[in-house]
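Working notes, structure below.
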């Protein structure tokens, strides 16, 4: 927080733990704070503590989606029912149609993760990006649920081994560490070897149809969202 405040960062995302303890200092520094939550209860607690906005993360999210299995759109709709702060939808979002749907139900925006992995500005190896381009919505799996730390990732050799160990009853993180540690992830991103490492990925990979600049990805999403909203009153066959 010292660095955030000293360097003039004024938009901060918190996640994982309640932001209650750090919110006063961030707010005093003039920061706008968005809290990322996987349950409406936790989102409500963050809003009550002073968070300016919340992002509701569903089970489709690449990385840590929490222990629940509720989809992003359901969680966001429930949050909109009970919260007065802006609500963002995250998890599995990769298309303009989904952005349009989120806006139509009253959400204030969407969070993109996996969809941006094929942006030119992302430093991952081009071979890894090319692999993502060839995937569909069935290319992910979850690991570490048995440890209370569910992680959605690319379904690769490492993920299959971790799932096998968990199915055999392994609950010792030290046994799993060589498979799930960050060093293997970094190697995959640097070399393009997508077979190894627990690589954060969600089903939004289905929309990663080519590598291109981030601005081009966002422009396509917005264009598609506007088209979807324009046709919504008439219905798809209208």
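The values are calculated or read from the model by the stated rules, or taken from the named source; none is laboratory data. Please read all numbers here as calculations on a predicted model, not as lab measurements. When we count neighbours, we look across all protein chains shown, and the Cβ atoms used for this are built from the backbone with ideal geometry, even at glycine.
Of note:
- Comparison of 113, 92, 62, 66 shows that the only residue that is under 22 Å from residue 232 (Cα atoms) and within 13 Å of the chain's Cα centre (by Cα) is 92.
- Filtered residue count, segment 83-104, keeping only those that are in contact with a helix residue (DSSP H, G or I) (Cβ under 6 Å, 6 or more places away or on another chain) and surrounded by fewer than 18 Cβ atoms within 10 Å (Cβ to Cβ): 1
- Any hit, segment 36-45, residues being in contact with a strand residue (DSSP E or B) (Cβ under 6 Å, 6 or more places away or on another chain), free of Cβ contacts under 8 Å to residues at least 40 places away in the same chain, farther than 24 Å from residue 140 by Cβ and crowded, with 18+ Cβ neighbours inside 10 Å: no
- Residue within segment 47-65 that is surrounded by 19 or more Cβ atoms within 10 Å (Cβ to Cβ), over 19 Å from residue 108 (Cβ atoms) and modelled with pLDDT under 95 present: yes
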